[in-house]
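The block underneath contains the structure these notes are about, expressed in structure tokens.
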Amino acid sequence: MSKPKDESGPRDPYFIAMQDALTKAGIATPTLVIDRARLNANIDTLMGHLPDGMGYRIVAKSLPSLNLITHIRERSGTDRLMTFNLPMLLALSEAMPEASQLLGKPLPIQAARQYFEDLPADKTEAADHIQWLIDTPERLAQYAELANDQDRILKINLELDVGLHRGGFEPGSTLGETLKAINVNPNLEMAGFMGYEPHIPALPTTLGWRDKALKGAWAIYQEALAQAALVFGGDRIAQLTRNAAGSPTYRYYEDTSLANEISAGSCLVKPTHFDSELLEPHLPASFIATPVIKSLPTTRMPGLEFADGAKRSWDPNYSKTVFIYGGHWLADPVDPPGLAYNSTFGRSSNQEMLNGGPDLSIDPDEFVFFRPHQSEAVFLQFGDIAIYDAGEIVDMWPVFPASA
């Protein structure tokens, strides 16, 4: 076992400039920061990849802020959203009633009923633009009853299992009967399919497994479309929403022969879980910034002080300690370089301990920066998002209420 190398070093000028902007803005608590220039570059990268005719649907759970979604809508030119829970569905219906919303997971029927009860009377047009995701014949029956009770037509999008095995329809008799049930019900309208395949990039390339899985997913989707064509006719199929992909897989789609729209959100802010080969053109654009409360020249473990010297001599990254404001986030420290969590001391949501090497230099009230692992839950933990651009904090964007 080789001796660990000292990973500490000088701070990145990029983060020093962001720290100066936060200080100038009077921010002194843990804050989620989005770099607007990088966000814009990521939007342009995504849109530049899409083939002619391919639509883009914004994944709202990964970008949980009305201001953030509005900014992306304006820059990308899309009016399509993917929505995941009742509070989000209502908020977007009120703020953007003209937008097309596709449910990204099936909504329990009681939540769907609550939507119609809570939707403001002057925003009822929003309900006409919603595609309700259905994964079983039983859920379709529930939504058929809701459509009848509401005396309105509900647009139905069928979830396909294209290999993720998280539920949904596969080609076959159950799908066929479901398509027929939609076709004969005057209160239901077949709106499209959704086939999500985030498992594919995680598969090994050995023996062509990843390519086989991708081709298999597309074959399942194509077979489902063929079944739908038998019920609704080929011309109708061409008009359906054929949704696919997510941030990890959108670059697989180079034409519209199968899917005619892709969904993505996380790649625009790029948390660490999206550091993949396919997303290499995208830039990290979201960071957690939190002040240092205490900066200590040595690391001392409670009750284990006798072992501190030996630990430091073996691992120089154990030399110094900082305690930060808050902590225990799904995130990795990225600046100053070389900081790491102390597994012996343990995690803390109050004052997290981080250790660094002998060259670590950071004072109380300066900021440690982290990259989130994901955006959908982490973004909701800090209140308003600080928008960083050209060396300044130029705006604060509220986030959605925390919800599953």
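Annotations for the structure displayed:
- Search result, residues across the stretch 174-194 that are assigned to a helix (DSSP H, G or I), touching a residue at least 24 places away in the same chain (Cβ under 8 Å) and surrounded by fewer than 17 Cβ atoms within 10 Å (Cβ to Cβ): Thr174, Gly176, Glu177, Lys180, Ala181, Asn183
- Residue list for the stretch 346-358, filter: in contact with a Pro (Cβ under 8 Å, 6 or more places away or on another chain) and surrounded by fewer than 17 Cβ atoms within 10 Å (Cβ to Cβ): Pro358
- Residue tally, condition among the aliphatic types (A, V, I, L, M), touching a Pro at 6+ places or on another chain (Cβ under 7 Å) and in a loop (DSSP other than H, G, I, E, B), over the stretch 359-383: 2
- For Met18, the test of being in contact with a helix residue (DSSP H, G or I) (Cβ under 6 Å, 6 or more places away or on another chain) and more than 20 Å from Ala126 (Cβ to Cβ) is failed.
- Among (1) surrounded by 15 or more Cβ atoms within 10 Å (Cβ to Cβ); (2) at pLDDT 70 or above; (3) not in a strand (DSSP E or B), the one test that Val292 misses: (3)
- Selection status of Pro171, part of a loop (DSSP other than H, G, I, E, B) and either modelled with pLDDT of 95 or more or surrounded by 15 or more Cβ atoms within 10 Å (Cβ to Cβ) (or both): yes
- If the condition is being under 16 Å from Ile69 (Cα atoms) and at pLDDT below 95, then the stretch 390-402 contributes Phe400, Pro401.
- Scanning the stretch 330-349 turns up at least one residue that is part of a strand (DSSP E or B), out of contact with any Asp or Glu (no Cβ under 6 Å at 6 or more places or on another chain), modelled with pLDDT under 95 and more than 18 Å from Leu63 (Cα to Cα).
- Residue check for Asp35: surrounded by fewer than 20 Cβ atoms within 10 Å (Cβ to Cβ) and charged (D, E, K, R): no
- In the stretch 319-330, of all residues being of a type in the set (A, V, I, L, M) and crowded, with 21+ Cβ neighbours inside 10 Å, the one that is nearest to Pro297 (Cα to Cα) corresponds to Val322.
- Failed condition for Glu197, given (1) within 19 Å of Ile237 (Cβ to Cβ); (2) in a loop (DSSP other than H, G, I, E, B); (3) among the acidic types (Asp, Glu): (1)
- When residues of the stretch 361-389 are limited to those that are at pLDDT 90 or above and of a type in the set (A, V, I, L, M), the one surrounded by the fewest Cβ atoms within 10 Å (Cβ to Cβ): Leu380
- Being outside any helix (DSSP H, G or I) and either assigned by TED's automatic domain parsing to the domain that holds Ile72 or more than 18 Å from Gly53 (Cβ to Cβ) (or both) holds for only one residue in Leu278, Leu207, Leu230, Leu214, and it is Leu278.
Quick grid of which residues meet (1) within 19 Å of Met194 (Cα to Cα); (2) over 23 Å from the mean Cα position of the chain (by Cα); (3) touching a residue at least 24 places away in the same chain (Cβ under 8 Å):
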| site | (1), (2), (3) |
| --- | --- |
| Pro97 | no, no, yes |
| Leu103 | yes, no, yes |
| Pro106 | yes, no, yes |
| Asp122 | no, yes, no |
| Gln131 | yes, no, yes |
| Ala144 | no, yes, yes |
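- For first residues located in the stretch 259-279 and surrounded by fewer than 23 Cβ atoms within 10 Å (Cβ to Cβ), partners that are among the β-branched types (Val, Ile, Thr) and in a loop (DSSP other than H, G, I, E, B) and lie 6+ apart or on another chain with Cβ distances below 8 Å form the pairs Leu278/Thr249.
- Residues located in the stretch 223-245, provided they are surrounded by 14 or more Cβ atoms within 10 Å (Cβ to Cβ) and polar (S, T, N, Q): Gln227, Thr241, Asn243
The values are calculated or read from the model by the stated rules, or taken from the named source; none is laboratory data. All figures in this text were calculated on a predicted structure; none of them were measured in a lab. For neighbour counting, all protein chains shown are included, and Cβ atoms are generated from backbone atoms with ideal geometry for every residue, glycine included.
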